[in-house]
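Accompanying notes for the structure given below.
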């Protein structure tokens with residue numbers, strides 16, 4: 001069994017995880033459907049957002065130059081990083097040069113992608129996650145399993161046990177008690193931190209602002225109380241104008257959590273302008289490539305339209321059953337099985353494009369209608385071309401292709417297979433419950449329909465012969 | 001700045017764009033679909049939307065009534081200090097003396113001294129924050145706050161209870177209408193931050209159960225000044 005299959009099998013037998021997924025996935029899906037329906041022209045707005053993302057990427061270099069000029073005019077410092085290591089080094093250097101010891105962070109998938117916390121800790125810096133879910137992930141030395149709800153895999157009792165150990169709350173504490181305990185613990189850290197690190201949901205070129213969306217308010221603390229703010233921004237995040245970011249913000253909130261807008265939509269337009277204003281003294285914006293230009297060059301560029309709402313995870317029949325950890329990657333679910341190989345190449349991720357039934361639920365849920373199945377087919381083809389497919393698949397398909405262009409041989413094969421299936425053990429209502437060799441994977445979890453004794457073309461001939 | 005990294009990333013983008021397949025791309029981005037106007041007054045739409053996001057609305061006819069309301073609300077809570085924007089930004093004449101008579105002082109939301117931590121620790125116990133929204137967004141029940149020297153971010157963030165004053169003439173149908181309003185884009189760079197607040201701080205991370213007051217205020221009160229209709 002491959003890594004993904006092994007982890008997926010474990011996930012399917014994890015009772016706690018299955019309970020957590022059952023309870024939450026429909027909740028997210030229904031919230032999104034209600035919120036999109038409540039938007040005036042919600043469907044037309046999605047089409048519009050798709051055009052915004054496409055047209056922005058088409059002039060990506062120009063928009064970043066505009067952003068850079070405006071951000072610098074506002075007093076922000078703009079840095080560029082080619083890869084994860086360069087981005088991490090920049091953050092560590094900024095912290096070291098300014099005598100930073102304590103860092104607070106708000107949730108950022110990009111920081112997970114570049115493994116920033118590890119780099120900061122290696123640099124002798126203390127870093128604390130402040131989004132409640134990410135805080136729990138950090139306390140339990142876990143990984144987020146959903147891009148919007150990081151601890152969707154944990155039950156209340158898991159969190160209560162963790163907080164009992166770390167924060168001294170009663171082992172049977174309820175959710176408000178747990179939230180209050182985390183609020184008190186993190187409040188102290190907000191007031192002591194020297195530096196705040198965030199991601200960015202969007203960067204607005206015409207104003208040089210970055211946009212952060214949070215519900216808890218931790219994103220606001222991280223960008224207000226510490227004297228230095230560092231924002232990590234993937235180079236697909238730019239939006240040309242305020243009007244366009246307005247469209248995307250409404251769709252993001254509706255698709256991610258079913259809200260009309262997230263509680264706090266914060267535009268950061270540089271550091272404080274006056275010595276006794278209460279914002280940070282310095283704002284550093286790090287624009288990170290880390291494989292995005294590789295994704296942009298070709299058939300997978302559309303994956304960069306993504307605004308990271310997580311809606312595709314919630315509707316995916318694979319994600320809904322195995323959860324996020326089975327993917328073994330930073331980005332799980334339908335977005336993950338395209339974006340991980342698009343950023344890093346198929347090498348480490350060649351199994352992931354198989355983790356889909358190509359049902360298209362992701363595209364239907366996506367606020368910008370990204371055609372994920374199309375890209376999965378491209379990736380599957382590429383994994384065959386690059387030799388990642390199983391050997392039997394390769395010669396099996398060749399054999400099939402050869403037979404398919406030789407009608408007599410094809411008919412003979414069909415006739416033989418229909419006869420041979422009678423010899424197979426295990427049948428229910430005529431369905432095959434066991435297939436030999438590499439085909440056993442299919443029948444491990446479901447039946448295979450019986451092959452008809454008479455082929456379609458034979459039947460066609462027969463019926464046409466009867467026609468007047 | 002690392003000039004090499006900048007040049008390399010920009011060059012990579014240009015190279016990639018020559019090969020990028022970007023479905024739905026067009027020469028010009030068309031205007032967004034425009035929302036139909038509301039049949040009812042914006043204040044009524046705002047009231048309903050604010051309630052839906054767990055905010056509390058307090059309609060008052062004029063600024064004097066707003067001052068009286070705030071004083072009574074805070075006296076009832078036993079408040080002695082309020083973390084606030086500069087009184088000039090609130091446009092509530094007579095607020096300071098009315099509060100002073102009740103033993104309540106406005107503390108400016110600022111951080112200018114040499115010891116940032118000490119100042120934050122001094123401001124942290126203040127039980128209530130006061131701001132004045134620069135706009136209200138009816139459809140979503142949102143208020144828009146700006147940040148500068150006179151409009152401290154901490155007033156809407158640090159205390160567990162946030163009161164914001166809003167005037168009915170500042171209401172816009174929605175986010176798109178406000179962003180398109182004359183002056184918004186022009187004035188943008190004057191503020192180091194612009195914050196759209198839609199309800200009190202919340203989280204649903206634990207077992208997807210909604211809890212108010214995660215890190216920011218757990219109560220949001222909007223004092224809406226304007227004739228009731």
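The values are calculated or read from the model by the stated rules, or taken from the named source; none is laboratory data. Bear in mind the structure is a predicted one, so any value in this text is a computation, not a measurement. All Cβ positions, glycine included, derive from the backbone under ideal geometry; neighbour counts span all protein chains shown.
Descriptive notes on the structure:
- Flag for residue B:126 being touching a strand residue (DSSP E or B) at 6+ places or on another chain (Cβ under 6 Å), at pLDDT 95 or above and at the interface with another protein chain (Cβ under 10 Å from one of its Cβ atoms): no
- Matching option when the condition is facing another protein chain (nearest Cβ under 10 Å), within 25 Å of residue A:297 (Cα to Cα) and in contact with a helix residue (DSSP H, G or I) (Cβ under 9 Å, 6 or more places away or on another chain), among A:244, A:216, A:206: A:244
- Residue within region B:16-29 that is assigned to a strand (DSSP E or B) and either surrounded by fewer than 16 Cβ atoms within 10 Å (Cβ to Cβ) or in contact with a strand residue (DSSP E or B) (Cβ under 9 Å, 6 or more places away or on another chain) (or both) present: no
- Filter result (in contact with a strand residue (DSSP E or B) (Cβ under 7 Å, 6 or more places away or on another chain) and touching a residue at least 60 places away in the same chain (Cβ under 8 Å)) within region A:269-288: A:269, A:270, A:271, A:280, A:282, A:283, A:284, A:285, A:286, A:287, A:288
- The single condition from (1) under 28 Å from residue A:394 (Cβ atoms); (2) free of Cβ contacts under 8 Å to residues at least 12 places away in the same chain; (3) under 42 Å from the mean Cα position of the chain (by Cα) that residue A:456 fails is (3).
- Consider region A:1-17 and keep the residues that are surrounded by 13 or more Cβ atoms within 10 Å (Cβ to Cβ) and touching a helix residue (DSSP H, G or I) at 6+ places or on another chain (Cβ under 8 Å). The one that is nearest to residue A:156 (Cα to Cα) is A:17.
- When A:82, A:7, A:101 are checked against the criterion of being assigned by TED's automatic domain parsing to the domain that holds residue A:118 and over 23 Å from residue A:304 (Cβ atoms), a single residue qualifies: A:101.
- Yes/no for residue A:462 being part of a helix (DSSP H, G or I) and within 30 Å of residue A:300 (Cβ to Cβ): no
- Residue in region A:248-259 that is within 30 Å of residue A:24 (Cβ to Cβ), part of a loop (DSSP other than H, G, I, E, B), in contact with a strand residue (DSSP E or B) (Cβ under 7 Å, 6 or more places away or on another chain) and within 10 Å of chain B (Cβ to nearest Cβ) present: no
- Of all the listed residues (B:75, B:67, B:79), the sole one being under 21 Å from residue B:160 (Cα atoms), more than 10 Å from chain A (Cβ to nearest Cβ) and part of a loop (DSSP other than H, G, I, E, B) is B:79.
- Exactly one residue out of A:431, A:442, A:415 is surrounded by 11 or more Cβ atoms within 10 Å (Cβ to Cβ), modelled with pLDDT under 90 and in contact with a strand residue (DSSP E or B) (Cβ under 8 Å, 6 or more places away or on another chain): that is A:442.
- Counting only helices (runs of 4 or more DSSP H) that sit wholly inside region A:1-113, those with at least 1 residues that are free of Cβ contacts under 8 Å to residues at least 60 places away in the same chain and within 13 Å of chain B (Cβ to nearest Cβ) are A:15-38, A:42-58, A:60-73, A:84-97.
- In this structure, residue B:106 does not qualify as crowded, with 24+ Cβ neighbours inside 10 Å and either in a loop (DSSP other than H, G, I, E, B) or more than 11 Å from chain A (Cβ to nearest Cβ) (or both).
- Failed condition for residue B:33, given (1) assigned to a helix (DSSP H, G or I); (2) within 13 Å of chain A (Cβ to nearest Cβ): (1)
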